[in-house]
1. Go through (1) touching an Asp or Glu at 6+ places or on another chain (Cβ under 7 Å); (2) not in a loop (DSSP other than H, G, I, E, B) one by one and return the number of the condition Val124 breaks.
2. Just the residues that are surrounded by fewer than 17 Cβ atoms within 10 Å (Cβ to Cβ) and more than 30 Å from Ile10 (Cα to Cα), please, taken from the range 102-128.
3. Of the residues that sit in the range 54-84 and are under 17 Å from Leu12 (Cα atoms) and small (Gly, Ala, Ser), which one is nearest to the chain's Cα centre (by Cα)?
4. Test each condition in (1) within 13 Å of the chain's Cα centre (by Cα); (2) more than 25 Å from Tyr101 (Cα to Cα); (3) in contact (Cβ under 8 Å) with a residue 24 or more places away in the chain for Pro9 and report the one that comes out false.
5. May I ask you to say which residue of Leu51, Leu33 is more than 23 Å from Trp82 (Cα to Cα) and under 20 Å from the mean Cα position of the chain (by Cα)?
6. Looking at Gly19, Gly30 in this structure, which one is over 18 Å from Leu114 (Cβ atoms), exposed (fewer than 14 other Cβ atoms within 10 Å of the Cβ) and not charged (D, E, K, R)?
7. Taking the criterion of being touching a Ser or Thr at 6+ places or on another chain (Cβ under 8 Å), under 16 Å from Gly109 (Cα atoms) and not in a helix (DSSP H, G or I), would at least one residue in the range 47-66 satisfy it?
Amino acid sequence: MTPPAAETPIRLNFLAVAGSWLLASVGCVGGALMGAPLGLWKMEVSSSAALGAVLASCIMLVGVLILGPWAARTPSEWSTRWLAATVIRFIGTPFLALLLYSRPPSAEGFLLALAGTYLVSLAVETAVIARTVLAAASTSARRISTSNSPPDPS
């Protein structure tokens with residue numbers, strides 16, 4: 001029985017990870033700010049929602065920094081780091097929301113924008129990271145299977 005081959009370190013596309021965070025953040029904060037001018041809700045709801053979206057965006061940025069997409073790591077290391085960053089953000093988001101902004105003028109707008117920005121950012125980041133890691137893992141698996149396959153008897 002042959003020992004398992006070592007995983008090949010890969011780099012995430014830093015611009016894709018940072019860009020996905022920025023795009024999600026700008027979209028959520030912009031959506032929160034546009035609610036009042038469009039007449040969807042009152043100005044205090046819009047400002048509270050914008051604060052919630054900014055807070056969630058900052059927490060998600062901390063997660064991106066914990067992830068460290070600029071370094072080369074194996075796919076299993078990327079999975080572990082992504083999980084660690086997600087758990088830290090999951091615990092830190094409600095804690096910081098309560099600590100920094102415990103009495104918003106519009107709690108509904110603040111909480112909905114906080115949760116919405118968190119979920120949108122997490123979904124976009126997960127898609128970018130999963131696409132990169134899965135592509136590298138499948139390339140590595142193909143390379144391993146072709147190097148360990150028995151010689152053709154014909």
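The values are calculated or read from the model by the stated rules, or taken from the named source; none is laboratory data. The structure displayed is predicted, hence computed values, not measured ones. No Cβ is skipped: glycine too gets one built from the backbone with ideal geometry, and neighbour counts run over all protein chains shown.
1. Only one criterion in (1) touching an Asp or Glu at 6+ places or on another chain (Cβ under 7 Å); (2) not in a loop (DSSP other than H, G, I, E, B) is unmet by Val124, namely (1).
2. Residues of the range 102-128 that are surrounded by fewer than 17 Cβ atoms within 10 Å (Cβ to Cβ), as a first pass: 102-103, 105, 107-108, 115, 119, 123, 126-127.
Across the range 102-128, the qualifying residues are Ser102, Arg103, Pro105, Ala107, Glu108, Ala115.
3. The residue in question is Gly63.
4. The number of the failed condition is (1).
5. Leu51
6. Matching residue, one of Gly19, Gly30: Gly19.
7. No.
Residues are listed down the side, and each one gets a yes or a no for (1) charged (D, E, K, R); (2) modelled with pLDDT of 90 or more; (3) within 13 Å of Leu114 (Cβ to Cβ):
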residue	(1), (2), (3)
Leu55	no, yes, yes
Met60	no, yes, yes
Ser76	no, no, no
Ser79	no, no, no
Arg89	yes, yes, yes
